[in-house]
Amino acid sequence: MALMTGEQYIESIRKIKPEIYMFGEKIENPVDNPILRPSLNSVRMTYDLAQDPKYADLMTVTSPFTGEKINRFTHIHQSTEDLKNKVKMQRLCGQKTAACFQRCVGMDAFNAEYSTTYECDKKYGTHYFDNFKKFMLYVQENDLTVDGAMTDPKGDRSKAPHAQADPDLYLHVVERRPDGVVVRGAKAHQTGIINSHEVIVMPTISMGPDDKDYAISFAVPLNTPGLFMIVGRQSCDTRKTEGSPIDVGNREFGGVEALTIFDNVFVPNDRIFLNGETEFAGMLVERFAGYHRQSYGGCKVGVGDVLIGAAAVIADYNGCPKASHIKDKLIEMTHLNETLYCCGLACSTEGHPTEAGNYMIDLLLANVCKQNVTRFPYEICRLAEDIAGGLMVTAPSEKDFRDPKLGKYIDKYLKGSEDVSTENRLKMLRLIENLCLGTAAVGYRTESMHGAGSPQAQRIMIQRQGNLAYKKELAKAIAHIEE
C-alpha cells in the first residue's frame, strides 16, 4: 500500500495505542477524545487530499526509489520543482484546515537525515545512510505519518548538554548494547506526535567532543516501551468538550503539542542514524531547521488565507465592507501574507543538490522567510481583530444563544447587517477568535514566533549566511579602494 485513505489512517492510529496523558489522566482512546480528535482530523486531511485527483500533482509524487506513487509528505526532494511544490502543498493544507496539519516536521527531518547520514558515512564508514533509507522506504510504502523530535528542554541555556546539573535535560544515550542503545530524556513542544506512527529523534544544537552521548539520532514507533506523551494545554481547549459547534470556532480541525518522555527507551542498531559523531549534529540541526523554516512560507500562508477571508466576511456581516480603512487593512493583510509565500518560493527556487543527491533550500532565504513569519502573522492577527471588533471576545456562549429566555435578546442585540443572521455572525467571530487567540493560535500566532527556532536563531543563521565579506569587497570595488 503506497497511499492510505483518510479512514485507513484513522484506523491505523487507533491500532497503535500510544501512552498519552492529559489533565492528569491516561487517555485510553485518544482517537475519539473530543479535545484531541480535531488534531487527528487535520492530519487526515493530508491523506484525503492525496486521494483527490484535483490535487494529485501537489499531494503525491512518484518515489525515485520504488517507482510507486507516494504522499509528498514522505518524499525526498529531487529538484527545485519539488521544493516549490512542497510549499504549495503546505499552503493548500493550511487553507483546508486552518490549523497545523502536523506532517511537515517529519518530511523536513527526512530530507535533513538523508543528506547528513550520507556525508557521515562518507567520512566514517558508518551505515547510517543505509539504515535511514530502509526506514524511509518502510514509511513510503506504508504511507506513515512521522513526527520529528528536535527540541530538548535544555535546562540551563548557558551550559552544554554534558555540563547540565541534570544530564537528562538533553536526550542522551545511557547504555550501549551490541544490538542497540538505550536513551533517556525528553523532547518538548512536539506538534502532532500523538497522531504519528513513528518519531525521528534528532539533536537540538551543535555539539562538542564532550557531548558524544548526546549526538544521537534515531527512529522508533510511537508505542515503543518507555515512550509516553503529556499533552500541552491550549487556550479554550475545553470548549471542545462542551458540545458547542459555535464556541470552538473551528469545529473540525486543530493542532496539539506534547511533552514527550523517553524513559530508558531501547533503539535497535538498524534504526540509528547518528551515534556520537558530534560534528554532524550541527549539520543535521542546520539542515532540518532550514527545511522547516522554508515550510512556514507555505503552512502559515494557507492559514493566513483563511484568516484574511474571515476578516473580509466579518466586515460584510458588520455592514462595512466598503469603508476605505477596512479595504486598506485587508490589502495590508494580503500583502504580508503573500510576502511570506514569496520567501517560501524564493528559497525553494534557489535550492541546490546535496552530495547525497536530494535538494536543499537556500539557507539564507529560508531563514529570512522564518524571520518574517515571526512578525507578519502577528500583524495579520492584529488587523483581523481590528476589523472584527470587540464582540470577538465578549460574545455570550452558544448555550446562552440557545436559551429560551436569553436567546431572543442575543439575536436581537448582536445582529449586524440586516440580511445576515446573528448566528452566522457569531460563527465567524468565533473562527477569528480561534485563529488569533484560541487553540488554532498555537499553530498560527504563537507558533509563528517559536516554531523552527525562535527569532534569534534565524538572525544567527542570517549573519552566517549573509556573506558580509563579499559585500564589503563589492563596495570597495565600486569605490576603487585597494588594500
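For this structure, a couple of remarks:
- Among residues of the range 314-359 being assigned to a helix (DSSP H, G or I) and of a type in the set (Phe, Trp, Tyr), the one that is nearest to residue 293 (Cα to Cα) is 341.
- Unmet requirement for residue 259, which otherwise passes all of (1) closer than 28 Å to residue 278 by Cα; (2) in contact with a helix residue (DSSP H, G or I) (Cβ under 9 Å, 6 or more places away or on another chain): (2)
- Test: residue 393 is within 30 Å of residue 78 (Cα to Cα), of a type in the set (Val, Ile, Thr) and either touching a Cys at 6+ places or on another chain (Cβ under 6 Å) or outside any loop (DSSP other than H, G, I, E, B) (or both): no
- Looking across the range 1-22, the residues that are in contact (Cβ under 8 Å) with a residue 60 or more places away in the chain and either within 28 Å of residue 61 (Cβ to Cβ) or assigned to a loop (DSSP other than H, G, I, E, B) (or both) come down to 1, 2, 3, 4, 9, 12, 13, 16, 17, 18.
- Applying a threshold of 8 Å to beta carbon distances and a minimum spacing of six or more residues, or different chains, the list of pairs starting in the range 380-403 at a residue that is under 12 Å from residue 332 (Cβ atoms) and ending at one that is open to solvent by 50 Å² or more (accessible area, probe 1.4 Å) and part of a helix (DSSP H, G or I) reads 383/332.
For every residue, the table says whether it meets (1) in a strand (DSSP E or B); (2) crowded, with 18+ Cβ neighbours inside 10 Å.
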| residue | (1), (2) |
| --- | --- |
| 131 | no, yes |
| 137 | no, no |
| 173 | yes, yes |
| 176 | yes, no |
| 200 | yes, yes |
| 217 | yes, yes |
| 220 | yes, yes |
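- The condition (being in a helix (DSSP H, G or I), charged (D, E, K, R), without any contact (Cβ under 8 Å) to a residue 24 or more places away in the chain and open to solvent by 20 Å² or more (accessible area, probe 1.4 Å)) is satisfied by just one residue among 427, 471, 415: 471.
- When residue 100 is tested against the conditions (1) within 30 Å of residue 310 (Cβ to Cβ); (2) part of a strand (DSSP E or B); (3) not aromatic (Phe, Trp, Tyr), the lone failure is (2).
- Residues of the range 223-237 satisfying the condition of being open to solvent by 50 Å² or more (accessible area, probe 1.4 Å) and under 30 Å from residue 394 (Cα atoms): 233, 235
- Qualifying residue in the range 42-61 (condition: open to solvent by less than 20 Å² (accessible area, probe 1.4 Å) and not in a helix (DSSP H, G or I)): yes
- Restricting the range 238-267 to residues that are of a type in the set (D, E, K, R) and open to solvent by less than 40 Å² (accessible area, probe 1.4 Å) leaves a set whose member that is nearest to residue 44 (Cα to Cα) is 257.
- Criterion: free of Cβ contacts under 8 Å to residues at least 60 places away in the same chain and open to solvent by less than 10 Å² (accessible area, probe 1.4 Å) - qualifying residue of 337, 358: 337
- Lone qualifier among 110, 65 - being buried (at least 22 other Cβ atoms within 10 Å of the Cβ) and in contact (Cβ under 8 Å) with a residue 40 or more places away in the chain: 110
- Among the residues making up the range 23-36, those that are free of Cβ contacts under 8 Å to residues at least 12 places away in the same chain and either under 20 Å from residue 99 (Cβ atoms) or part of a helix (DSSP H, G or I) (or both) are 32, 33.
The values are calculated or read from the model by the stated rules, or taken from the named source; none is laboratory data. Everything numeric in this text was worked out from a predicted model, so none of it was measured. FYI the Cβ positions are ideal-geometry reconstructions off the backbone, even for glycines, and counts take in every protein chain you see. Heavy atoms of the whole protein, side chains included, go into the accessibility calculation; ligands, DNA and RNA do not. Shrake-Rupley method; radii C 1.70, N 1.55, O 1.52, S 1.80 Å.
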